[in-house]
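See below for the structure under consideration.
A short reminder: the numbers here are calculations on the coordinates, not readings from a lab. Predicted, not measured: the structure shown is a model, and the values here were computed from it. Positions of Cβ are backbone-derived with ideal geometry, glycine not excepted, and every protein chain shown enters the neighbour counts.
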Amino acid sequence: MSEIDLSRVLCALEEIPVGGARGFAFGSGDWPLRGLLVRTSQGVHAYVNRCPHARHPLNLRPHEFLTPDSGLILCRSHGALFEKATGLCVAGPCAGQALTPVAVQVEAGCVLLDEAVDPRSFEHVEAF
């Protein structure tokens, strides 16, 4: 078993139930990468925590990113709805646009930021 890079760990996989979501912050300083992880039966998907409509965070409370039935990602500011697996907005003011994806991988029961991701590349999208 190979060792994982602990500096890239976002959370333990078990912290995200299948069908659920969880927020994360990666990095330090004034503008860490803020995102959300959603777990589907096909795996874990990650996005920058920002609606493409008004550039607000999607959630108002920690880890609350989903509709009441947990079927879609919900922007709590303006009600936009996004597919979990693709980030595509299927209803609301930004229909047809999509959340910004963040590459992650699952290793040894942990969700990690993909080693090819430079968190600084998302700084321009963290203007909230």
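For the chain, a/c is not less than 1.5, where a ≥ b ≥ c are the root eigenvalues of the C-alpha gyration tensor, and a/b does not top b/c. That puts it in the oblate class. The label-point distance for Ala25 and Ser7, in a model that sets each label 7 Å from Cα toward Cβ, rounds to 2.0 nm. What you get for the chain, charging only the Cβ of Lys and Arg (+1) and of Asp and Glu (-1), is a dipole of about 520 debye around the Cα centre. Taking 0.36 nm per residue of separation and subtracting the Cα-Cα distance, full extension of the segment from Ala54 to Gln97 would add 14.3 nm.
What does the charge count around His45 come to, taking other residues whose C-beta lies under 11 Å from its C-beta (Lys +1, Arg +1, Asp -1, Glu -1)? So the surrounding residues net to +1.
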